[in-house]
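Q: The structure's right below; bear with me while I get my questions together.
The values are calculated or read from the model by the stated rules, or taken from the named source; none is laboratory data. The structure presented is a predicted model; accordingly, all values stated were derived computationally and were not measured. Neighbour counts run over all protein chains shown; Cβ positions are idealised from the backbone, glycine included. Surface accessibility is based on the protein's heavy atoms, side chains included, excluding ligands, DNA and RNA. Shrake-Rupley method; radii C 1.70, N 1.55, O 1.52, S 1.80 Å.
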Amino acid sequence: KLSDLCAVICDGDWIESKDQSESGIRLIQTGNVGVGQYLDKDGRARYINEETFDRLHCTEIFEGDVLISRLPDPIGRACRVPKLSTRAITAVDCSILRFKDEQIAEFFLQYATSQDYFNKIAILAGGSTRTRISRKEIEKLTVPVPADKTSMVTISGRLSLADRGILLLEQELETWQQKKKALMQLL
């Protein structure tokens, strides 16, 4: 279970628009959580100030923490918090996972992009008007972790390498599409 693999599993903070400010501590929202990747939306970044952080007793997130979006599109998507230029917190619709072991965190992120993972999330999710998954259900989620740590590291390493290759190819495709668009405009 995820609860056995993590030192911390908690929800983000309830931050209303009146609590937000122009700068300070970054508020990471569900829109920043992609499937296996952090989506940096600096232009639309939200913040809170130190006073609000203290008043609301916010939970700070750190580089390497895993965020799981509890809302759809798709529900349960997960990403790793990258190195940010400022302190950060996350919204209430994200759960914060701090794994006991770095290699298990990496393995979980790879698993969290699989169809098996999303099928399990769909079973645990609920809601009559808007489907979501609760933190308590996330804690119950079972993760098929190999007993042999060497196998786990090998599997996650190969999958990470494949992910990087796919990302590079997607970037190259985007570059070629922009070149095509520019050439079409010249024609």
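Q: If only one of 20, 37, 29 is open to solvent by less than 80 Å² (accessible area, probe 1.4 Å) and either within 13 Å of the chain's Cα centre (by Cα) or at positive phi (or both), which one is it?
A: Unique residue meeting the criteria: 29.
Q: Name the residues in the stretch 114-136 that are in contact (Cβ under 8 Å) with a residue 12 or more places away in the chain and touching a strand residue (DSSP E or B) at 6+ places or on another chain (Cβ under 8 Å), would you?
A: Answer for the stretch 114-136, where residues must be in contact (Cβ under 8 Å) with a residue 12 or more places away in the chain and touching a strand residue (DSSP E or B) at 6+ places or on another chain (Cβ under 8 Å): 125, 132, 133, 134, 135.
Q: So the check is Cβ under 6 Å with 6+ separation or different chains; which pairs have a first residue in the stretch 98-109 that's touching a residue at least 12 places away in the same chain (Cβ under 8 Å) and under 22 Å from residue 162 (Cα atoms) and a second one that's of a type in the set (Asp, Glu) and part of a helix (DSSP H, G or I)?
A: Correct list of pairs: empty, since none qualify.
Q: Does residue 93 meet the test of being open to solvent by 20 Å² or more (accessible area, probe 1.4 Å), over 20 Å from residue 10 (Cα atoms) and acidic (Asp, Glu)?
A: No; evaluated as a whole, the condition is false for this residue.
Q: In this structure, does residue 151 turn out to be over 17 Å from the mean Cα position of the chain (by Cα), at pLDDT below 95 and open to solvent by 70 Å² or more (accessible area, probe 1.4 Å)?
A: So residue 151 does not fit the description; no.
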